[in-house]
Amino acid sequence: MSTHGWHADASEILRVDSGFRLERLEADSTPGYDGDKHRAAKDLAHRVQELGELQERLWAQSRVDETRHAVLLVLQAMDSAGKGGIVRHVVGGVDPQGVELAAFKAPTDEERAQDFLRRVEKRLPSPGYIGVFDRSHYEDVLIGKVRSLADAAEIERRYDAINAFESRVAASGTRIIKVMLHISPEEQKERLMERLERPDKHWKYNPGDVDERLLWPDYMAAYQTVFERTSTDAAPWYVVPADHKWYARLAVQELLISALQDTDPQWPVADFDVEAEKKRLAAS
């Protein structure tokens, strides 16, 4: 395989399978892709059209039949890993009317009083849409575990609850793509420093990011447990090296295209006589 610079299927080479170890994956690597930054920019632009057509077919199909297909892209990462860039440069290439974005922040007091999955279920994509979770229910087993916001028994319960939830969502017709953008602490430091050095990026900087950096090994261990407990056939995890923004964007684009191709949405067949309508229109 050597289509668009890829010599391997991104959905296979980036998938978390049994035996995967996060520490063995270099954050500055480009698995499965032969090109460089300049080639990647061309490939990304070239594939935007294909992704856009697949999304439009998904939307059109959902409008006229009873299929309930949708795609949900879950993005998880340490701060500054590039989630926003994925939303802008990859998902932003399709018709915005067919995208539903949910950026999950810290839960409100009302949400804390409910089951942790309730607010997530409310934001699942409607049929025909590509949904994007910028952070997600996985915060409840990542920050929740690292910061001891819940006890060990509750964290264990949440892994099983997530698997049951995602299995049900997948069975309903939603294709789930869970992506962890894997950035190195060195690259993160450079990106955070750039935010401090540029006044136009000060708004992006959060002093709390440094506090989280100090817990880097704990977060990596928490991610490893997440992969082991929640990468399933119904909702597999994909780990995308993210030190090179161009590679991360290209890889997520490939994962979305692959998922939509597997869903195989079809243009709806006209429920009227096309030729007769051409004659009527010409005569009008």
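Points worth noting:
- Residue match in the stretch 101-117 (condition: under 21 Å from Asn163 (Cα atoms), of a type in the set (S, T, N, Q) and touching a helix residue (DSSP H, G or I) at 6+ places or on another chain (Cβ under 7 Å)): no
- For Trp203, the conditions (1) assigned to a helix (DSSP H, G or I); (2) at pLDDT 95 or above; (3) of a type outside the set (Gly, Ala, Ser); (4) open to solvent by 70 Å² or more (accessible area, probe 1.4 Å) are fulfilled apart from (2).
- Verdict on Arg39 being open to solvent by 70 Å² or more (accessible area, probe 1.4 Å), in a helix (DSSP H, G or I) and closer than 30 Å to Tyr219 by Cβ: no
- Every residue from the stretch 1-36 that is part of a loop (DSSP other than H, G, I, E, B), polar (S, T, N, Q) and open to solvent by 50 Å² or more (accessible area, probe 1.4 Å): Ser2, Ser18
- If the condition is being among the small types (Gly, Ala, Ser) and open to solvent by less than 10 Å² (accessible area, probe 1.4 Å), then the stretch 231-250 contributes Ala235, Ala242, Ala248.
- Matching residues, the stretch 95-111, being of a type in the set (D, E, K, R) and in contact with a strand residue (DSSP E or B) (Cβ under 7 Å, 6 or more places away or on another chain): Glu100
- For the stretch 163-192, the set of residues classified as in contact (Cβ under 8 Å) with a residue 24 or more places away in the chain, part of a helix (DSSP H, G or I), open to solvent by 20 Å² or more (accessible area, probe 1.4 Å) and under 13 Å from Leu124 (Cα atoms) consists of Ala170 only.
- Checking Glu277, Glu212, Glu228 one by one, the residue that is on the phi < 0 side of the Ramachandran plot and open to solvent by 80 Å² or more (accessible area, probe 1.4 Å) is Glu228 and no other.
- On the stretch given as the stretch 51-82, residues that are farther than 21 Å from Ala234 by Cβ, among the polar types (S, T, N, Q) and surrounded by fewer than 20 Cβ atoms within 10 Å (Cβ to Cβ) total 1.
- Test: residue in the stretch 260-276 that is out of contact with any Pro (no Cβ under 9 Å at 6 or more places or on another chain), within 22 Å of Arg88 (Cα to Cα) and in contact (Cβ under 8 Å) with a residue 60 or more places away in the chain: yes
- Meets criteria (within 21 Å of the chain's Cα centre (by Cα) and among the basic types (Lys, Arg)) for Lys278: no
- Residues satisfying the stated conditions in the stretch 239-268, i.e. touching a helix residue (DSSP H, G or I) at 6+ places or on another chain (Cβ under 6 Å) and assigned to a strand (DSSP E or B): Val240
- Those residues of the stretch 87-144 which are within 22 Å of Leu54 (Cα to Cα), part of a helix (DSSP H, G or I) and open to solvent by 70 Å² or more (accessible area, probe 1.4 Å), in sequence order: Arg88, His89, Pro96, Gln97
The values are calculated or read from the model by the stated rules, or taken from the named source; none is laboratory data. Bear in mind that the values here come from a model prediction, so they are computed numbers and not experimental data. Because the Cβ atoms are built from the backbone with ideal geometry, glycine has one as well, and the counts that use them run over all protein chains shown. Note: accessible area is taken over every heavy atom of the protein model, side chains too, but ligands, DNA and RNA are not part of it. Shrake-Rupley method; radii C 1.70, N 1.55, O 1.52, S 1.80 Å.
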